[in-house]
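Heads up, the thing below is written out as C-alpha coordinates.
The values are calculated or read from the model by the stated rules, or taken from the named source; none is laboratory data. Since the structure is predicted, the reported quantities are computational estimates derived from the model, not experimental observations. Note that we place each Cβ from the backbone using ideal geometry, even for glycine, and neighbour counts take in every protein chain shown.
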Amino acid sequence: MTSAVADDVPVPVAAHRTAYRRRQFSAGKIVKETLFYLAVVIVVLIALFPFYWILRTSLLSNQQVAAGVGGANGIIPSHLSGVAYENVFTQASFLTPLLNSIIVALATTVVTIIVASMAGYALARL
Amino acid sequence: MALNTEPSNEGAGAEGRPARAGRPALVKRLTPPRKPPRASKHRRPAAVGHARETGDRRLGYLLAAPVVILLLAITGYPLIYNIWNAFHFDNLSYGNLPHNFVGWKNFTTMFDSPQWVSALERTLVFTVVTIVFDLVVGMALALMMHRNFRGRGFLRASILIPWAMPTVVSAMLWKTMFDPSAGFVDYILAAFHPAWSGLAWVNINVWRAWTAIFIADSWKNIPFVAILLLAGLQVIPNDVYEAAKMDGASWWQSFTRVTLPMLKPALSVALIFRTLQALLVFDVIYIMTNGGPGSSTVSLSYLSYNTFIINTDFGLGGAMSIILVLLALAVSFIYVRAFRPSTS
(Lines give C-alpha, C1' and ligand atoms only; values in the text may rest on other atoms or scores of the structure.)
Protein backbone atom coordinates (compact mmCIF):
# COMPACT_ATOMS: atom_id res chain seq x y z
CA MET A 1 0.00 0.00 0.00
CA THR A 2 2.61 2.46 1.10
CA SER A 3 5.04 1.36 -1.54
CA ALA A 4 2.37 1.69 -4.23
CA VAL A 5 1.94 5.32 -3.32
CA ALA A 6 5.64 5.94 -3.54
CA ASP A 7 5.98 4.08 -6.82
CA ASP A 8 3.42 6.25 -8.51
CA VAL A 9 5.18 9.44 -7.57
CA PRO A 10 8.06 10.26 -9.88
CA VAL A 11 10.29 11.48 -7.08
CA PRO A 12 13.75 13.00 -7.26
CA VAL A 13 15.00 9.45 -7.22
CA ALA A 14 13.77 9.01 -10.77
CA ALA A 15 15.57 12.15 -11.87
CA HIS A 16 18.59 10.95 -10.02
CA ARG A 17 18.38 7.63 -11.83
CA THR A 18 18.35 9.12 -15.30
CA ALA A 19 21.24 11.28 -14.31
CA TYR A 20 23.03 8.16 -13.16
CA ARG A 21 22.38 6.49 -16.49
CA ARG A 22 23.71 9.44 -18.41
CA ARG A 23 26.94 9.59 -16.45
CA GLN A 24 27.41 5.91 -15.93
CA PHE A 25 31.13 6.04 -15.67
CA SER A 26 31.31 8.64 -12.96
CA ALA A 27 33.42 6.91 -10.35
CA GLY A 28 31.92 8.88 -7.49
CA LYS A 29 28.44 7.68 -8.38
CA ILE A 30 29.52 4.07 -8.53
CA VAL A 31 31.21 4.30 -5.15
CA LYS A 32 28.13 5.95 -3.68
CA GLU A 33 25.80 3.31 -5.06
CA THR A 34 28.05 0.54 -3.79
CA LEU A 35 28.16 2.07 -0.33
CA PHE A 36 24.39 2.42 -0.34
CA TYR A 37 23.83 -1.21 -1.25
CA LEU A 38 26.42 -2.24 1.33
CA ALA A 39 24.44 -0.35 3.96
CA VAL A 40 21.23 -2.05 2.82
CA VAL A 41 22.86 -5.46 3.10
CA ILE A 42 24.12 -4.66 6.60
CA VAL A 43 20.69 -3.49 7.73
CA VAL A 44 18.99 -6.59 6.34
CA LEU A 45 21.60 -8.80 7.99
CA ILE A 46 21.12 -7.13 11.37
CA ALA A 47 17.36 -7.44 11.09
CA LEU A 48 17.26 -11.06 9.97
CA PHE A 49 20.37 -12.76 11.31
CA PRO A 50 18.91 -13.46 14.79
CA PHE A 51 16.07 -15.36 13.14
CA TYR A 52 18.49 -17.44 11.13
CA TRP A 53 20.43 -18.11 14.33
CA ILE A 54 17.34 -19.34 16.15
CA LEU A 55 16.49 -21.61 13.21
CA ARG A 56 20.05 -22.92 13.16
CA THR A 57 20.05 -23.57 16.90
CA SER A 58 16.69 -25.30 16.74
CA LEU A 59 18.13 -27.77 14.27
CA LEU A 60 21.02 -28.78 16.54
CA SER A 61 21.05 -31.49 19.16
CA ASN A 62 21.46 -30.62 22.84
CA GLN A 63 25.08 -31.83 22.82
CA GLN A 64 25.89 -29.60 19.86
CA VAL A 65 24.38 -26.56 21.58
CA ALA A 66 26.20 -27.32 24.82
CA ALA A 67 29.49 -27.64 22.93
CA GLY A 68 29.26 -23.99 21.96
CA VAL A 69 29.68 -22.24 18.65
CA GLY A 70 32.63 -23.15 16.50
CA GLY A 71 34.18 -26.00 14.57
CA ALA A 72 31.50 -28.25 13.13
CA ASN A 73 28.85 -26.16 14.89
CA GLY A 74 29.81 -22.89 13.27
CA ILE A 75 27.56 -20.33 11.67
CA ILE A 76 26.57 -22.99 9.15
CA PRO A 77 26.64 -26.27 11.09
CA SER A 78 27.80 -29.34 9.22
CA HIS A 79 25.32 -31.67 10.88
CA LEU A 80 21.66 -31.00 11.57
CA SER A 81 19.12 -32.95 13.56
CA GLY A 82 15.40 -32.61 14.09
CA VAL A 83 15.52 -33.98 17.61
CA ALA A 84 14.43 -30.69 19.19
CA TYR A 85 11.25 -30.71 17.13
CA GLU A 86 10.54 -34.27 18.19
CA ASN A 87 11.07 -33.33 21.83
CA VAL A 88 8.66 -30.44 21.61
CA PHE A 89 5.83 -32.81 20.93
CA THR A 90 6.95 -35.83 22.95
CA GLN A 91 8.70 -34.51 26.06
CA ALA A 92 7.82 -30.91 26.78
CA SER A 93 4.25 -30.07 27.73
CA PHE A 94 3.84 -28.06 24.59
CA LEU A 95 0.31 -28.90 23.59
CA THR A 96 -1.44 -27.52 26.68
CA PRO A 97 0.19 -24.07 26.41
CA LEU A 98 -0.56 -24.11 22.69
CA LEU A 99 -4.21 -24.86 23.41
CA ASN A 100 -4.28 -22.14 26.08
CA SER A 101 -2.88 -19.61 23.64
CA ILE A 102 -5.49 -20.53 21.04
CA ILE A 103 -8.29 -20.23 23.59
CA VAL A 104 -7.07 -16.84 24.79
CA ALA A 105 -6.59 -15.59 21.25
CA LEU A 106 -10.06 -16.63 20.13
CA ALA A 107 -11.80 -15.35 23.27
CA THR A 108 -10.13 -11.95 23.25
CA THR A 109 -10.72 -11.53 19.53
CA VAL A 110 -14.43 -12.30 19.82
CA VAL A 111 -15.00 -10.16 22.92
CA THR A 112 -12.96 -7.23 21.63
CA ILE A 113 -14.63 -7.18 18.24
CA ILE A 114 -18.14 -7.34 19.70
CA VAL A 115 -17.56 -4.71 22.36
CA ALA A 116 -15.53 -2.39 20.16
CA SER A 117 -17.86 -2.54 17.18
CA MET A 118 -20.83 -1.75 19.41
CA ALA A 119 -19.07 1.28 20.86
CA GLY A 120 -17.76 2.27 17.46
CA TYR A 121 -21.26 2.26 16.03
CA ALA A 122 -22.54 4.29 18.96
CA LEU A 123 -19.79 6.88 18.61
CA ALA A 124 -19.92 7.20 14.85
CA ARG A 125 -23.59 6.89 14.01
CA LEU A 126 -25.81 7.84 16.93
CA MET B 1 -32.39 -1.97 7.10
CA ALA B 2 -31.34 -3.30 10.44
CA LEU B 3 -31.19 0.25 11.69
CA ASN B 4 -34.93 0.63 11.59
CA THR B 5 -35.72 -2.38 13.71
CA GLU B 6 -33.63 -1.31 16.67
CA PRO B 7 -35.35 1.84 17.91
CA SER B 8 -38.68 0.06 18.44
CA ASN B 9 -37.15 -2.18 21.10
CA GLU B 10 -35.35 0.74 22.56
CA GLY B 11 -38.45 2.89 22.62
CA ALA B 12 -40.08 0.44 25.02
CA GLY B 13 -37.08 0.68 27.29
CA ALA B 14 -37.16 4.45 27.12
CA GLU B 15 -40.68 4.61 28.50
CA GLY B 16 -39.82 2.32 31.39
CA ARG B 17 -36.83 4.37 32.53
CA PRO B 18 -37.12 8.13 32.30
CA ALA B 19 -33.91 9.88 31.32
CA ARG B 20 -31.82 10.98 34.26
CA ALA B 21 -31.18 14.64 34.85
CA GLY B 22 -27.41 14.65 35.07
CA ARG B 23 -26.62 13.20 31.69
CA PRO B 24 -27.52 15.52 28.81
CA ALA B 25 -23.98 16.71 28.17
CA LEU B 26 -22.72 13.18 27.60
CA VAL B 27 -25.76 12.32 25.52
CA LYS B 28 -25.10 15.26 23.30
CA ARG B 29 -21.56 14.13 22.80
CA LEU B 30 -22.55 10.58 22.03
CA THR B 31 -25.39 11.47 19.74
CA PRO B 32 -24.49 14.40 17.55
CA PRO B 33 -27.60 14.84 15.38
CA ARG B 34 -25.94 17.37 13.08
CA LYS B 35 -24.95 14.97 10.36
CA PRO B 36 -27.54 15.62 7.67
CA PRO B 37 -26.55 13.08 4.98
CA ARG B 38 -26.45 10.13 7.31
CA ALA B 39 -29.15 11.08 9.74
CA SER B 40 -31.70 11.73 7.03
CA LYS B 41 -31.31 8.21 5.73
CA HIS B 42 -33.06 6.66 8.68
CA ARG B 43 -34.97 9.58 10.12
CA ARG B 44 -38.73 9.30 10.21
CA PRO B 45 -41.30 12.08 9.73
CA ALA B 46 -41.50 14.77 12.38
CA ALA B 47 -44.36 13.16 14.31
CA VAL B 48 -42.19 10.32 15.65
CA GLY B 49 -39.02 12.41 15.61
CA HIS B 50 -38.91 12.89 19.36
CA ALA B 51 -39.41 9.25 20.30
CA ARG B 52 -36.85 8.41 17.67
CA GLU B 53 -34.34 10.77 19.26
CA THR B 54 -34.70 9.31 22.77
CA GLY B 55 -34.54 5.84 21.27
CA ASP B 56 -31.28 6.72 19.62
CA ARG B 57 -29.92 8.00 22.91
CA ARG B 58 -30.91 4.82 24.70
CA LEU B 59 -29.28 2.77 22.01
CA GLY B 60 -26.18 4.89 22.21
CA TYR B 61 -25.89 4.31 25.94
CA LEU B 62 -26.56 0.63 25.57
CA LEU B 63 -23.95 0.16 22.88
CA ALA B 64 -21.29 2.24 24.59
CA ALA B 65 -21.90 0.74 28.02
CA PRO B 66 -19.79 -2.44 27.61
CA VAL B 67 -16.70 -0.50 26.58
CA VAL B 68 -17.11 2.01 29.39
CA ILE B 69 -17.62 -0.77 31.93
CA LEU B 70 -14.65 -2.73 30.60
CA LEU B 71 -12.39 0.31 30.64
CA LEU B 72 -13.48 1.24 34.13
CA ALA B 73 -12.90 -2.31 35.31
CA ILE B 74 -9.47 -2.84 33.77
CA THR B 75 -8.06 0.70 33.82
CA GLY B 76 -10.02 2.87 36.19
CA TYR B 77 -10.37 0.45 39.08
CA PRO B 78 -6.67 -0.52 39.31
CA LEU B 79 -5.62 3.11 38.99
CA ILE B 80 -7.88 4.27 41.80
CA TYR B 81 -7.10 1.24 43.93
CA ASN B 82 -3.43 2.02 43.45
CA ILE B 83 -3.88 5.59 44.57
CA TRP B 84 -5.62 4.23 47.65
CA ASN B 85 -2.72 1.81 48.11
CA ALA B 86 -0.17 4.59 47.92
CA PHE B 87 -1.57 6.29 51.00
CA HIS B 88 -1.82 3.18 53.14
CA PHE B 89 0.59 0.80 54.79
CA ASP B 90 -0.10 -2.65 53.42
CA ASN B 91 2.56 -5.29 53.41
CA LEU B 92 1.89 -9.00 53.08
CA SER B 93 5.21 -9.89 54.68
CA TYR B 94 3.79 -8.63 57.97
CA GLY B 95 1.28 -11.45 57.84
CA ASN B 96 -1.88 -9.44 57.44
CA LEU B 97 -3.09 -6.33 55.69
CA PRO B 98 -3.53 -3.66 58.34
CA HIS B 99 -4.80 -0.99 55.89
CA ASN B 100 -3.27 1.76 58.04
CA PHE B 101 -3.60 5.20 56.57
CA VAL B 102 -0.12 6.74 56.52
CA GLY B 103 -0.56 9.88 54.46
CA TRP B 104 2.46 10.80 52.33
CA LYS B 105 4.83 8.49 54.19
CA ASN B 106 5.17 6.07 51.28
CA PHE B 107 6.18 8.93 49.02
CA THR B 108 8.79 10.30 51.43
CA THR B 109 10.18 6.78 51.94
CA MET B 110 10.44 6.43 48.19
CA PHE B 111 12.15 9.77 47.57
CA ASP B 112 14.61 9.03 50.39
CA SER B 113 15.47 5.54 49.18
CA PRO B 114 18.74 5.39 47.23
CA GLN B 115 17.34 2.46 45.22
CA TRP B 116 14.56 4.56 43.82
CA VAL B 117 16.79 7.53 43.08
CA SER B 118 19.32 5.41 41.22
CA ALA B 119 16.55 3.61 39.34
CA LEU B 120 15.23 7.03 38.32
CA GLU B 121 18.67 8.08 37.11
CA ARG B 122 19.15 4.87 35.14
CA THR B 123 15.71 5.12 33.57
CA LEU B 124 16.22 8.74 32.54
CA VAL B 125 19.65 8.07 31.06
CA PHE B 126 18.32 5.01 29.25
CA THR B 127 15.40 7.04 27.92
CA VAL B 128 17.57 9.87 26.60
CA VAL B 129 20.13 7.55 25.02
CA THR B 130 17.51 5.30 23.38
CA ILE B 131 15.37 8.07 21.95
CA VAL B 132 18.34 9.90 20.47
CA PHE B 133 19.79 6.70 19.01
CA ASP B 134 16.43 5.37 17.81
CA LEU B 135 15.45 8.60 16.12
CA VAL B 136 18.79 9.06 14.37
CA VAL B 137 19.03 5.48 13.15
CA GLY B 138 15.30 5.33 12.42
CA MET B 139 15.64 8.47 10.31
CA ALA B 140 18.50 6.93 8.36
CA LEU B 141 16.52 3.74 7.79
CA ALA B 142 13.46 5.71 6.72
CA LEU B 143 15.52 7.61 4.13
CA MET B 144 16.98 4.31 2.95
CA MET B 145 13.54 2.73 2.59
CA HIS B 146 12.20 5.84 0.87
CA ARG B 147 14.78 5.69 -1.91
CA ASN B 148 13.68 3.97 -5.06
CA PHE B 149 15.97 1.05 -5.74
CA ARG B 150 15.92 -2.61 -6.65
CA GLY B 151 15.12 -4.67 -3.57
CA ARG B 152 13.34 -1.93 -1.68
CA GLY B 153 10.37 -4.18 -0.92
CA PHE B 154 12.68 -6.76 0.56
CA LEU B 155 14.40 -4.12 2.70
CA ARG B 156 11.06 -2.84 3.97
CA ALA B 157 9.85 -6.34 4.78
CA SER B 158 13.00 -7.26 6.66
CA ILE B 159 12.93 -4.05 8.66
CA LEU B 160 9.30 -4.68 9.58
CA ILE B 161 9.87 -8.19 10.91
CA PRO B 162 11.63 -7.26 14.20
CA TRP B 163 8.92 -4.74 14.89
CA ALA B 164 6.19 -7.35 14.48
CA MET B 165 7.55 -9.51 17.30
CA PRO B 166 6.33 -9.22 20.87
CA THR B 167 8.92 -7.59 23.13
CA VAL B 168 9.10 -10.68 25.30
CA VAL B 169 10.03 -12.82 22.33
CA SER B 170 12.64 -10.39 21.04
CA ALA B 171 14.14 -10.12 24.52
CA MET B 172 14.36 -13.93 24.77
CA LEU B 173 15.87 -13.99 21.30
CA TRP B 174 18.60 -11.53 22.20
CA LYS B 175 19.24 -13.20 25.51
CA THR B 176 20.04 -16.32 23.52
CA MET B 177 22.15 -14.33 21.06
CA PHE B 178 24.24 -12.90 23.90
CA ASP B 179 24.65 -16.29 25.55
CA PRO B 180 28.33 -17.28 25.45
CA SER B 181 27.66 -20.85 24.30
CA ALA B 182 24.44 -20.63 22.29
CA GLY B 183 24.68 -17.14 20.82
CA PHE B 184 26.55 -15.65 17.90
CA VAL B 185 27.68 -12.36 19.45
CA ASP B 186 30.70 -13.75 21.25
CA TYR B 187 31.53 -16.02 18.32
CA ILE B 188 31.64 -13.11 15.91
CA LEU B 189 33.49 -10.84 18.32
CA ALA B 190 36.10 -13.54 18.87
CA ALA B 191 36.89 -13.40 15.18
CA PHE B 192 38.11 -9.83 15.71
CA HIS B 193 39.97 -10.28 18.98
CA PRO B 194 40.66 -13.53 20.89
CA ALA B 195 40.07 -11.82 24.26
CA TRP B 196 36.48 -11.10 23.25
CA SER B 197 35.41 -14.72 23.21
CA GLY B 198 33.31 -16.10 26.01
CA LEU B 199 32.22 -12.74 27.38
CA ALA B 200 29.30 -13.11 29.74
CA TRP B 201 27.03 -10.29 28.70
CA VAL B 202 24.01 -10.43 30.87
CA ASN B 203 24.85 -10.88 34.51
CA ILE B 204 28.49 -10.04 35.15
CA ASN B 205 29.28 -6.57 33.97
CA VAL B 206 27.02 -3.53 34.34
CA TRP B 207 27.99 -1.93 31.06
CA ARG B 208 27.69 -5.13 29.09
CA ALA B 209 24.30 -5.83 30.63
CA TRP B 210 23.09 -2.37 29.64
CA THR B 211 24.56 -2.80 26.16
CA ALA B 212 22.67 -6.04 25.72
CA ILE B 213 19.42 -4.46 26.92
CA PHE B 214 20.00 -1.46 24.71
CA ILE B 215 20.66 -3.55 21.62
CA ALA B 216 17.63 -5.78 22.18
CA ASP B 217 15.43 -2.74 22.77
CA SER B 218 16.72 -0.82 19.76
CA TRP B 219 16.53 -3.83 17.47
CA LYS B 220 12.87 -4.13 18.21
CA ASN B 221 11.93 -0.44 18.35
CA ILE B 222 13.98 1.26 15.65
CA PRO B 223 11.82 -0.33 12.92
CA PHE B 224 8.78 1.26 14.53
CA VAL B 225 10.38 4.71 14.36
CA ALA B 226 11.58 4.05 10.81
CA ILE B 227 8.11 3.05 9.59
CA LEU B 228 6.52 6.11 11.20
CA LEU B 229 9.10 8.41 9.62
CA LEU B 230 8.77 6.64 6.26
CA ALA B 231 5.05 7.35 6.30
CA GLY B 232 5.90 10.98 7.09
CA LEU B 233 8.42 11.13 4.22
CA GLN B 234 5.90 9.80 1.73
CA VAL B 235 3.45 12.64 2.24
CA ILE B 236 6.04 15.37 1.59
CA PRO B 237 5.23 16.67 -1.89
CA ASN B 238 7.96 16.53 -4.48
CA ASP B 239 7.68 20.17 -5.52
CA VAL B 240 9.38 21.44 -2.40
CA TYR B 241 12.43 19.32 -3.16
CA GLU B 242 12.45 20.58 -6.73
CA ALA B 243 12.19 24.14 -5.48
CA ALA B 244 15.06 23.53 -3.10
CA LYS B 245 17.12 22.08 -5.94
CA MET B 246 16.33 25.08 -8.11
CA ASP B 247 17.65 27.30 -5.37
CA GLY B 248 20.86 25.32 -5.40
CA ALA B 249 20.39 23.53 -2.08
CA SER B 250 22.79 20.74 -1.30
CA TRP B 251 21.49 17.37 -0.09
CA TRP B 252 22.19 18.30 3.49
CA GLN B 253 20.50 21.68 3.15
CA SER B 254 17.37 20.23 1.63
CA PHE B 255 17.35 17.59 4.37
CA THR B 256 17.60 20.05 7.25
CA ARG B 257 15.54 22.86 5.73
CA VAL B 258 12.83 20.86 3.91
CA THR B 259 12.65 17.28 5.14
CA LEU B 260 13.01 17.81 8.87
CA PRO B 261 10.51 20.68 9.23
CA MET B 262 7.94 18.84 7.13
CA LEU B 263 8.53 15.67 9.11
CA LYS B 264 7.70 17.40 12.37
CA PRO B 265 4.33 15.68 12.92
CA ALA B 266 5.75 12.22 12.29
CA LEU B 267 8.82 13.01 14.37
CA SER B 268 6.72 14.18 17.30
CA VAL B 269 4.58 11.03 17.24
CA ALA B 270 7.68 8.84 17.11
CA LEU B 271 9.28 10.83 19.90
CA ILE B 272 6.26 10.59 22.20
CA PHE B 273 5.79 6.86 21.64
CA ARG B 274 9.45 6.03 22.10
CA THR B 275 9.87 8.23 25.17
CA LEU B 276 6.93 6.66 26.94
CA GLN B 277 8.03 3.16 26.03
CA ALA B 278 11.56 3.86 27.22
CA LEU B 279 10.41 5.48 30.46
CA LEU B 280 8.26 2.46 31.26
CA VAL B 281 10.82 -0.10 30.09
CA PHE B 282 10.20 -3.37 31.85
CA ASP B 283 9.94 -6.55 29.81
CA VAL B 284 13.36 -6.38 28.15
CA ILE B 285 15.03 -5.95 31.54
CA TYR B 286 12.85 -8.54 33.22
CA ILE B 287 13.67 -11.17 30.61
CA MET B 288 17.31 -10.39 29.92
CA THR B 289 18.94 -9.40 33.19
CA ASN B 290 16.28 -9.61 35.89
CA GLY B 291 17.66 -6.33 37.17
CA GLY B 292 21.14 -7.79 37.62
CA PRO B 293 24.05 -7.82 38.07
CA GLY B 294 23.11 -6.80 41.59
CA SER B 295 20.47 -4.20 41.02
CA SER B 296 22.40 -2.28 38.39
CA THR B 297 19.84 -2.59 35.61
CA VAL B 298 16.73 -1.98 37.70
CA SER B 299 14.47 0.54 35.99
CA LEU B 300 11.62 2.42 37.61
CA SER B 301 9.02 -0.02 36.30
CA TYR B 302 11.11 -2.95 37.41
CA LEU B 303 11.60 -1.49 40.87
CA SER B 304 7.92 -0.83 41.21
CA TYR B 305 7.10 -4.37 40.12
CA ASN B 306 9.68 -5.74 42.52
CA THR B 307 8.36 -3.74 45.44
CA PHE B 308 4.76 -4.50 44.69
CA ILE B 309 4.78 -8.13 43.60
CA ILE B 310 7.98 -9.62 45.03
CA ASN B 311 8.26 -7.70 48.32
CA THR B 312 4.45 -7.37 48.55
CA ASP B 313 4.86 -3.84 49.88
CA PHE B 314 1.67 -2.60 48.29
CA GLY B 315 1.83 0.91 49.71
CA LEU B 316 5.35 1.72 48.54
CA GLY B 317 4.85 -0.09 45.23
CA GLY B 318 1.65 1.82 44.67
CA ALA B 319 3.40 5.12 45.37
CA MET B 320 6.13 4.22 42.88
CA SER B 321 3.68 3.42 40.12
CA ILE B 322 1.71 6.60 40.79
CA ILE B 323 4.88 8.67 40.40
CA LEU B 324 5.73 6.76 37.23
CA VAL B 325 2.28 7.49 35.77
CA LEU B 326 2.64 11.17 36.69
CA LEU B 327 6.09 11.25 35.10
CA ALA B 328 4.75 9.77 31.87
CA LEU B 329 1.81 12.18 31.85
CA ALA B 330 4.12 15.14 32.43
CA VAL B 331 6.42 14.11 29.61
CA SER B 332 3.59 13.63 27.13
CA PHE B 333 2.06 16.95 28.19
CA ILE B 334 5.35 18.75 27.58
CA TYR B 335 5.74 17.10 24.19
CA VAL B 336 2.22 17.92 23.11
CA ARG B 337 2.76 21.54 24.10
CA ALA B 338 6.16 21.72 22.43
CA PHE B 339 4.99 20.17 19.15
CA ARG B 340 1.73 22.06 18.87
CA PRO B 341 1.44 23.26 15.26
CA SER B 342 2.38 26.91 15.19
CA THR B 343 0.02 27.75 12.34
CA SER B 344 -3.26 27.17 14.17
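Results, tabulated for the structure shown:
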| read-out | value |
| --- | --- |
| Some residue of the stretch B:119-132 being of a type in the set (Gly, Ala, Ser) and at the interface with chain A (Cβ under 9 Å from one of its Cβ atoms) | no |
| Cross-chain or 6+ apart pairs with Cβ under 7 Å, the stretch B:65-79 first and within 16 Å of residue A:116 (Cβ to Cβ) and in the same structural domain as residue B:318 (by TED's automatic domain parsing), then surrounded by 12 or more Cβ atoms within 10 Å (Cβ to Cβ) and not basic (Lys, Arg) | none |
| Boolean, residue A:52 is hydroxyl-bearing (Ser, Thr, Tyr), closer than 30 Å to residue A:91 by Cα, surrounded by 12 or more Cβ atoms within 10 Å (Cβ to Cβ) and at pLDDT 85 or above | yes |
| Qualifying residue in the stretch A:97-113 (condition: more than 27 Å from the chain's Cα centre (by Cα) and within 11 Å of chain B (Cβ to nearest Cβ)) | yes |
| Index of the failed condition, residue B:206 passing every other in (1) farther than 22 Å from residue A:50 by Cβ; (2) crowded, with 21+ Cβ neighbours inside 10 Å | (2) |
| Within the stretch B:136-149, tally of residues that are more than 9 Å from chain A (Cβ to nearest Cβ) and either surrounded by fewer than 18 Cβ atoms within 10 Å (Cβ to Cβ) or outside any helix (DSSP H, G or I) (or both) | 3 |
| Total residues in the stretch B:171-187, condition assigned to a helix (DSSP H, G or I), facing another protein chain (nearest Cβ under 10 Å) and among the hydrophobic types (A, V, I, L, M, F, W, C) | 5 |
| Single condition residue B:226 does not satisfy, out of (1) in contact with a Leu (Cβ under 9 Å, 6 or more places away or on another chain); (2) surrounded by fewer than 17 Cβ atoms within 10 Å (Cβ to Cβ) | (2) |
| Extreme residue, nearest to the other protein chains (Cβ to nearest Cβ), among residues of the stretch B:62-118 that are within 12 Å of residue B:317 (Cα to Cα) and not in a helix (DSSP H, G or I) | B:90 |
| Residues of the stretch B:200-242 that turn out to be within 19 Å of residue B:265 (Cβ to Cβ), of a type in the set (Val, Ile, Thr) and free of Cβ contacts under 8 Å to residues at least 12 places away in the same chain, as a count | 1 |
| Where residue A:35 falls short, out of the listed (1) of a type outside the set (Gly, Ala, Ser); (2) more than 8 Å from chain B (Cβ to nearest Cβ); (3) assigned to a helix (DSSP H, G or I); (4) surrounded by 14 or more Cβ atoms within 10 Å (Cβ to Cβ) | (4) |
| Residues being assigned to a helix (DSSP H, G or I), more than 23 Å from residue B:190 (Cα to Cα) and not acidic (Asp, Glu) - total across the stretch A:63-94 | 7 |
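One line per residue, one yes/no per condition, for (1) surrounded by 12 or more Cβ atoms within 10 Å (Cβ to Cβ); (2) touching a residue at least 24 places away in the same chain (Cβ under 8 Å):
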site	(1), (2)
B:89	yes, yes
B:102	yes, yes
B:111	yes, no
B:116	yes, yes
B:121	no, no
B:126	yes, yes
